[in-house]
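Trainee: Before I ask anything, here is the structure I am working with.
Since every read-out is calculated from the coordinates, none of them should be taken as a lab result. Everything quoted here is computed from the prediction, not taken from an experiment. With ideal geometry, Cβ positions are generated from the backbone for all residues, glycine too; neighbour counts draw on all protein chains shown.
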Amino acid sequence: MDNPIKDRITIRIDHQQKIEAQAVAKDLGSDLSTLINIFLNQMIKENGLPFTPSNRVSELDTALDQLAIYNRAGAHQHLKELRDEADADD
């Protein structure tokens, strides 16, 4: 099989964003270049972005926000207390 011609793409990103992305790639057992190539291949396959951009707040985000409010208020210091309270409501 012939080796395809490789091109170089140069982009400018925030330094901290690059560091964090490299750390995620390393945790996945890969490198940033490979993951960007995977993204581009998937974009071509989908003929668009391989995810749906959204400003919508997910149910998980809402639940985590509510839990953070409860924790700041000191209402539930431990998961056991939260479970006990939920069981008491049944």
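Trainee: 7 Å from Cα along Cα→Cβ at both residue 19 and residue 86: what's the point-to-point distance in nm?
Mentor: With each label point 7 Å from Cα toward Cβ, the separation is 3.7 nm.
Trainee: Continuing with the same structure: Helix-derived [θ] at 222 nm for the chain: sum -39500 (n - 2.57) over DSSP H runs of at least 4, divide by residue count, nearest 500?
Mentor: -19000 deg cm²/dmol
Trainee: Let me ask you something else. Among all the aspartates and glutamates, which ones have a C-alpha under 18 Å from residue 6's C-alpha, if same-chain residues fewer than 8 places away are not counted?
Mentor: Within reach: 31.
Trainee: Okay, next question. Just to be sure I understand: with springs between alpha-carbon atoms less than 10 Å apart, which residue in 38, 19, 11 has the highest mean-square fluctuation in the Gaussian network model of the chain?
Mentor: Maximum fluctuation in the GNM of the chain, among the listed residues, is at 11.
Trainee: Considering the values (1) 2, 13, 27, 27, 17, 9, 4, 1; (2) 2, 9, 10, 13, 14, 12, 9, 9, 9, 6, 2, 2, 1, 0; (3) 2, 13, 24, 26, 18, 10, 4, 1, 0, which represents P(r) over Cα pairs in 5 Å bins from 0, in percent as calculated for the structure under consideration?
Mentor: Correct label, based on the coordinates given: (2).
Trainee: What does the extension gain come out to for residue 33 and residue 64, with contour length at 0.36 nm per residue minus their alpha carbon separation?
Mentor: 7.9 nm
Trainee: About the Cα centre of the stretch 1-55, what is the dipole size in debye to 20, counting +1 per Lys and Arg Cβ and -1 per Asp and Glu Cβ, all else neutral?
Mentor: 100
Trainee: While we're here: Towards the positive end of the charge dipole of the chain, with charges on Cβ (+1 Lys, Arg; -1 Asp, Glu), say which of 38, 11, 50 has the farthest Cα.
Mentor: With unit charges placed on the Cβ atoms, the residue in question is 11.
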